């Protein structure tokens with residue numbers, strides 16, 4: 001736990017210190033480098049915690065250090081680091097950059113604490129610490145109308161989701177008399193069926209669902225991603241989205257181990273997750289196919305990916321309710337967690353590639369991607385690899401997590417989810433390959449080479465290396481996800 | 001012991017990057033490098049083919065013992081989930097590996113004159129494609145198989161889409177959508193196989209014969225659709241005429257010659273090998289699909305106005321033989337049909353390959369492959385014209401070409417299963433009919449005034465003649481393929497009758 005404290009202190013210090021550099025005027029890069037260093041320190045500390053920290057509780061059991069928390073903390077901090085690095089290049093208004101980095105670090109701190117939360121109140125505080133800075137970040141291009149619109153939309157829906165979560169927490173407290181998650185689970189298990197708990201669970205799903213961007217709580221996603229500064233959109237798609245998943249795992253899946261949503265076999269948590277999964281992936285993919293802007297395409301693709309992740313939740317809930325298919329549930333949750341890691345890498349690469357195109361060519365419509373392979377070969381290659389990985393094509397990382405997810409339901413009563421997910425995967429390749437065709441086969445408006453800054457190139461190389469490397473040698477990553485998944489089974 | 005199979009598998013993939021670099025540096029050196037890599041691969045493939053012929057295990061071996069060579073390493077192993085790197089070769093895969101290596105050498109030589117832009121990427125992709133296809137034939141683990149199965153399509157998408165004909169983008173997208181949909185449906189079958197046994201495994205030798213019969217049916221259907229799109233069978237074929245006619249000729253050679261064999265190989269190794277009881281129950285339906293495919297292919301080919309589309313549909317008909325022969329064996333218990341199917345895949349690589357390569361040279365020499373615009377090829381482009389006649393005879397399955405043996409075996413095997421299969425004999429007759437009609441119109445007709453063209457180079461003509469060498473060898477020494485494949489087929493039959 002000392003390691004996590006060190007990470008928290010590093011992030012807090014840099015977040016509080018960054019605005020002090022505001023007065024220095026042009027030397028905004030100092031705050032950028034300080035933030036990058038703080039995030040680097042935090043990642044090292046979390047990694048050290050993964051290696052040496054045991055499973056311990058802290059602060060009166062507000063925080064718990066476990067493998068699940070380590071996994072999420074590593075993902076969200078790494079993404080924040082990548083965003084911090086590329087933000088150096090996308091700074092339109094350098095004057096405000098120290099505040100920008102401060103907000104980014106506060107959000108990262110919130111996500112770090114959220115990953116380890118073991119108490120509903122701690123979880124809510126971390127949730128707000130994560131969310132509030134992102135509302136400002138979404139509107140950071142204050143001269144652009146779209147950015148303002150994105151910020152307003154995101155803030156209103158974000159506040160709504162926070163209110164729903166808070167209401168669910170109050171209901172839970174009213175029924176069980178505690179905010180400690182393990183206490184809630186124990187209390188729920190000992191009591192007979194109580195519809196209020198079901199209402200609370202559904203409210204939790206709705207509240208977290210906004211961040212997870214599952215249908216029908218996804219409305220803000222395309223607008224916010226499109227309007228926000230592109231680097232911030234990367235943060236939304238790959239980090240704050242993950243926070244929704246970790247919160248759902250910590251709260252909803254924990255209660256699901258002891259509680260059925262309703263005393264019948266139709267309106268069960270497993271079926272709720274299964275239906276949400278299929279609706280989310282289908283709507284995401286169909287909508288993505290019709291988009292004309294890369295940011296919106298990525299936004300809808302991101303929604304679709306959330307649907308795949310939910311498949312693991314569905315089989316987990318099913319196995320907990322029936323006591324059957326435990327093997328499948330382990331596979332499914334391993335797949336979900338692994339896909340969350342993979343999605344951060346794949347979608348991060350795609351968003352950063354789109355960010356660079358937007359910065360250099362000032363456009364994000366799909367036509368600008370025609371012939372991109374000649375103009376920005378490294379960016380085009382990164383985007384192509386990330387699309388193939390998102391489509392679940394071997395030998396790339398996305399294949400393995402999708403394989404685990406689909407395997408987990410193929411021989412269960414939820415097999416229809418696997419069939420729907422497979423057909424969705426095939427369908428999604430339609431628009432992924434459409435973009436690859438534009439980049440590699442079509443003629444662009446110009447064939448002039450466009451500069452690709454070294455910071456981006458380094459990050460692209462790391463991400464492409466990860467996608468191919470995990471695809472070829474997934475052993476360590478699957479083992480890590482598996483360890484985190486088994487910790488959910490008590 | 002040298003890991004000869006892994007070398008065979010990874011040599012072309014590893015050579016693709018240096019090939020790209022050398023070609024970017026100096027084109028002629030790069031061409032020689034690519035050819036050397038393809039030839040080295042051919043030498044290893046010949047060695048493996050010979051090794052299997054000399055050492056194939058007889059009947060009575062099970063599991064890994066039924067393969068002449070295997071290599072196994074742990075790949076992913078987490079408490080509840082395991083995937084191994086397991087490759088092996090037997091009488092079913094060794095001829096297909098050899099055909100792939102041989103056709104790649106021919107395609108590399110054939111590309112020399114026909115490909116004139118972005119050569120570094122082109123040859124690198126060809127080598128990558130070769131490695132991926134060999135990976136499909138060697139993999140004995142379903143996930144490893146699926147890795148290579150999908151990897152085959154990425155280079156092919158770019159090969160068609162960048163170097164293809166006028167409608168190349170359309171053809172590449174259509175190819176991609178069809179093939180990936182098929183492979184996703186195939187993945188359902190592979191996953192069901194994994195979950196169907198306890199303890200779970202992806203290794204084909206451990207899965208064979210262990211999946212309970214009641215849960216074989218849906219996976220069998222899914223795998224048949226997946227492989228059927230690749231072969232292709234009617235009505236899943238509609239991507240094929242576009243891809244085969246738009247691909248550059250050397251790529252069409254590989255598409256028609258070896259990529260389609262992937263589908264036939266998968267049908268035998270996975271659809272029949274893993275789901276034998278269901279395959280037996282439904283064999284009649286699949287035989288019917290095979291026969292319909294044959295008649296459809298040959299029937300549409302009659303109407304083709306273009307040489308390449310005629311060859312594409314001829315290739316579809318050829319793949320119908322593979323389906324008919326394989327399932328005739330499952331239905332009847334006589335090994336002849338499936339042996340014919342295996343031989344058919346081997347010889348089809350060279351009959352279809354020679355046809356598509358010639359179509360490429362004719363396109364280059366005359367600027368068209370429209371049959372009504374071609375006449376007097378005999379005197380306008382004598383080398384290509386003469387070779388075209390030979391290639392057509394190969395496709396008609398007449399002696400002295402081994403395709404004769406293959407199709408006779410398939411039809412006899414079919415008759416063992418049901419007398420109605422005898423109608424298949426009409427297909428070679430139809431093929432012979434339209435091929436001869438085409439030869440009469442295009443090759444033997446008097447040249448119209450002013451028709452001129454550039455004939456293929458002497459070297460190219462000589463290399464094209466090499467396509468016929470394995471075909472002729474297979475007429476007299478078909479035992480080279482049929483011998484090692486007999487225990488494989490018998491082993492499958494034992495699984496069926498369990």
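Computed values, structure above
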item: Of the criteria (1) without any contact (Cβ under 8 Å) to a residue 60 or more places away in the chain; (2) buried (at least 20 other Cβ atoms within 10 Å of the Cβ); (3) within 30 Å of residue B:210 (Cβ to Cβ), which one residue B:385 fails; result: (3)
item: Every residue from segment A:171-203 that is under 31 Å from the mean Cα position of the chain (by Cα) and not in a helix (DSSP H, G or I); result: A:178, A:179, A:180
item: Residue under evaluation residue A:128, criteria (1) within 30 Å of residue A:233 (Cα to Cα); (2) crowded, with 18+ Cβ neighbours inside 10 Å, criterion not met; result: (2)
item: In segment A:424-446, the residues that are at the interface with chain B (Cβ under 7 Å from one of its Cβ atoms) and part of a helix (DSSP H, G or I); result: A:425, A:426, A:429, A:430, A:433, A:437, A:440
item: Enumeration of residues in segment A:447-477 that are within 12 Å of chain B (Cβ to nearest Cβ), out of contact with any strand residue (DSSP E or B) (no Cβ under 7 Å at 6 or more places or on another chain) and in a loop (DSSP other than H, G, I, E, B); result: A:473
item: Boolean, residue B:171 is more than 12 Å from chain A (Cβ to nearest Cβ), in a helix (DSSP H, G or I) and either in contact with a helix residue (DSSP H, G or I) (Cβ under 6 Å, 6 or more places away or on another chain) or touching a residue at least 24 places away in the same chain (Cβ under 8 Å) (or both); result: no
item: Given (1) farther than 22 Å from residue A:300 by Cβ; (2) within 11 Å of chain B (Cβ to nearest Cβ); (3) modelled with pLDDT under 90, number of the condition residue A:409 does not satisfy; result: (3)
item: Tally, over segment A:417-450, of residues that are touching a residue at least 24 places away in the same chain (Cβ under 8 Å) and farther than 20 Å from residue A:390 by Cα; result: 9
item: Answer from B:109, B:154 - the residue that is part of a helix (DSSP H, G or I), facing chain A (nearest Cβ under 10 Å) and at pLDDT below 95; result: B:154
item: Subset of segment B:366-388 (residues that are in a helix (DSSP H, G or I) and more than 15 Å from residue B:456 (Cα to Cα)); result: B:371, B:372, B:373
item: Which numbered condition residue A:487 fails, given (1) within 29 Å of residue A:371 (Cα to Cα); (2) away from chain B (no Cβ under 12 Å); result: (1)
item: Residue count for segment B:281-305, restricted to those that are buried (at least 19 other Cβ atoms within 10 Å of the Cβ) and within 18 Å of residue B:436 (Cβ to Cβ); result: 5
item: Any hit, segment A:379-388, residues being touching a residue at least 12 places away in the same chain (Cβ under 8 Å), facing another protein chain (nearest Cβ under 10 Å) and farther than 26 Å from residue A:79 by Cβ; result: no
item: Some residue of segment B:77-86 being in a helix (DSSP H, G or I), at pLDDT 90 or above and either within 22 Å of the chain's Cα centre (by Cα) or within 14 Å of chain A (Cβ to nearest Cβ) (or both); result: no
item: Qualifying residue in segment B:139-146 (condition: within 21 Å of the chain's Cα centre (by Cα), within 8 Å of another protein chain (Cβ to nearest Cβ), touching a residue at least 12 places away in the same chain (Cβ under 8 Å) and not in a loop (DSSP other than H, G, I, E, B)); result: yes
item: From the options B:331, B:301, residue that is under 21 Å from residue B:241 (Cβ atoms), in a helix (DSSP H, G or I) and over 19 Å from the mean Cα position of the chain (by Cα); result: B:301
item: Test: residue in segment B:104-125 that is surrounded by fewer than 23 Cβ atoms within 10 Å (Cβ to Cβ) and out of contact with any helix residue (DSSP H, G or I) (no Cβ under 9 Å at 6 or more places or on another chain); result: yes
item: Verdict on residue B:122 being within 15 Å of residue B:255 (Cβ to Cβ), part of a helix (DSSP H, G or I) and more than 9 Å from chain A (Cβ to nearest Cβ); result: yes
item: Residue check for residue B:193: more than 10 Å from every other protein chain (Cβ to nearest Cβ), in contact (Cβ under 8 Å) with a residue 40 or more places away in the chain and more than 18 Å from the chain's Cα centre (by Cα); result: no
item: Selection from segment A:320-334 of residues that are part of a helix (DSSP H, G or I) and either within 13 Å of another protein chain (Cβ to nearest Cβ) or out of contact with any helix residue (DSSP H, G or I) (no Cβ under 7 Å at 6 or more places or on another chain) (or both); result: A:322, A:326, A:327, A:328, A:329, A:330, A:331, A:332, A:333, A:334
item: The one condition in (1) part of a loop (DSSP other than H, G, I, E, B); (2) at the interface with chain A (Cβ under 10 Å from one of its Cβ atoms) that residue B:116 fails to fulfil; result: (2)
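The values are calculated or read from the model by the stated rules, or taken from the named source; none is laboratory data. Small disclaimer: the values here were computed from a predicted structure and weren't measured. Every residue, glycine among them, receives a Cβ derived from its backbone with ideal geometry; neighbour counts consider all protein chains shown.
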